[in-house]
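To start, the structure under review is shown below, and the notes come after it.
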Amino acid sequence: MVERSAMAESLSNLSSAALNSQPSTFNKLCEIVAKLRGPGGCPWDREQTHESLLPATIEEAYEVAEAARAKNDAHFREELGDLLLLVVMHAEIAREAGRFDINNVVDDVTEKLVRRHPHVFGKSDARDSGAVLKQWEAIKREEKRSDSHYLASLPRALPALMRAQKAQSKAARVNFDWTELRDVLAKVEEELGETKSAIASQDRPSLEDEIGDLLFAVVNLARKCKLDAEGALQTATDKFVARFNRLEDELRSRGKRLGDADLAELDEIWNAIKKMTNERMRKDERSSND
């Protein structure tokens, strides 16, 4: 374990005391959750387990991300609250079982923040974000010695696109990365060629393997362009849904439903919608630059 400074020790020891002493709304939330779970509380809340709450925990995390991207403060605040509620609920279930409580959770994260920021609380001279990230990874590897492999801490539960980008980012911190964008583009083109060959061979296992490699290479391209692949795909999907909704509206105006029109008519409507939205985007860009 990495040796902690005296400052780190003192800060970590203060966390529980601070949580217990302040008359905070957070303490009130913890008390309400305990009451809901206790005798005379809510039957539904009392029935919940860590396992039963996992789907909601994952869903709320995604809803937080959606609200953040929408830049709607009221919605963002609400979703953060929903996620916090689930954190407190998990901690309360653990407290009832005598495993740990919310104070332990706060203690752990407080100590970890201090321990992994020696450039703030200790004597490290890491000052730019790149050096800080490398330092973070080094400390994390020192802490998690149960598996000596560098990528052992990569969560398998992450969505595949996000997990791919995280794996690439972590590898880049130890210099396993393309230095030039053209090399990344060449890799995408190489994987696309191999995918085409797999399609021609009609070998399904090979095709699945090559499409996976192609997706991985495209994620790497997004990362090298300093884009979040998950967010970029989410935006592209939102754009597709919006245009498809307009296509459906146009069909209705023609007295048709989805499934009634052939591909040629659908393409004609789609291209018109695409042209109109692209022109609108260019107009908005010109207005913002004026």
Worksheet item: With (1) outside any helix (DSSP H, G or I); (2) of a type in the set (Gly, Ala, Ser); (3) open to solvent by 70 Å² or more (accessible area, probe 1.4 Å) as the list, and Ser197 as the residue in question, which single condition is left unmet?
Response: (1)
Worksheet item: On the given criteria, is Ala242 more than 24 Å from Ala68 (Cα to Cα) and among the aliphatic types (A, V, I, L, M)?
Response: no
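Quick check on Asp125: is it open to solvent by less than 50 Å² (accessible area, probe 1.4 Å), without any contact (Cβ under 8 Å) to a residue 24 or more places away in the chain and either more than 29 Å from Glu230 (Cβ to Cβ) or touching a helix residue (DSSP H, G or I) at 6+ places or on another chain (Cβ under 8 Å) (or both)?
On the way: open to solvent by less than 50 Å² (accessible area, probe 1.4 Å): no; without any contact (Cβ under 8 Å) to a residue 24 or more places away in the chain: yes; either more than 29 Å from Glu230 (Cβ to Cβ) or touching a helix residue (DSSP H, G or I) at 6+ places or on another chain (Cβ under 8 Å) (or both): yes.
No.
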Discussion item. Could you go through segment 160-179 and let me know if any residue there is open to solvent by 50 Å² or more (accessible area, probe 1.4 Å), closer than 30 Å to Tyr62 by Cβ and over 25 Å from the mean Cα position of the chain (by Cα).
Written reply: no
Worksheet item: When you look at Pro118, is it under 30 Å from Val174 (Cα atoms), open to solvent by less than 70 Å² (accessible area, probe 1.4 Å) and without any contact (Cβ under 8 Å) to a residue 12 or more places away in the chain, yes or no?
Response: no
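When the residues of segment 36-57 are filtered to those that are without any contact (Cβ under 8 Å) to a residue 12 or more places away in the chain and among the hydrophobic types (A, V, I, L, M, F, W, C), which remaining residue is most open to solvent (accessible area, probe 1.4 Å)?
Only one residue fits best here, namely Trp44.
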Worksheet item: Are any residues in segment 116-174 farther than 24 Å from Leu214 by Cα and among the β-branched types (Val, Ile, Thr), and if so, which ones?
Response: Val120, Val132, Ile139
Response to the item:
Residues of segment 246-290 being basic (Lys, Arg), surrounded by fewer than 13 Cβ atoms within 10 Å (Cβ to Cβ) and within 31 Å of the chain's Cα centre (by Cα), in sequence order, are Arg280, Arg282
Discussion item. So, in segment 222-245, exactly how many residues are part of a helix (DSSP H, G or I) and either under 18 Å from the mean Cα position of the chain (by Cα) or among the charged types (D, E, K, R) (or both)?
Written reply: 15
Worksheet item: Just for segment 210-245: of the residues that are open to solvent by less than 40 Å² (accessible area, probe 1.4 Å) and among the small types (Gly, Ala, Ser), which one is nearest to Met281 (Cα to Cα)?
Response: Gly231
Worksheet item: In segment 72-94, what residues are open to solvent by 60 Å² or more (accessible area, probe 1.4 Å) and in contact (Cβ under 8 Å) with a residue 40 or more places away in the chain?
Response: Leu84, Leu85
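On the basis of being open to solvent by 80 Å² or more (accessible area, probe 1.4 Å), among the acidic types (Asp, Glu) and at pLDDT 50 or above, does Glu9 make the cut? Spell out the reasoning first.
Numbers: open to solvent by 80 Å² or more (accessible area, probe 1.4 Å): no; among the acidic types (Asp, Glu): yes; at pLDDT 50 or above: yes.
No: the conditions fail for Glu9.
The values are calculated or read from the model by the stated rules, or taken from the named source; none is laboratory data. Computed from a predicted structure; not experimentally measured. No Cβ is skipped: glycine too gets one built from the backbone with ideal geometry, and neighbour counts run over all protein chains shown. What goes into the accessible areas is simple: the full protein's heavy atoms, side chains included, and nothing from ligands, DNA or RNA. Shrake-Rupley method; radii C 1.70, N 1.55, O 1.52, S 1.80 Å.
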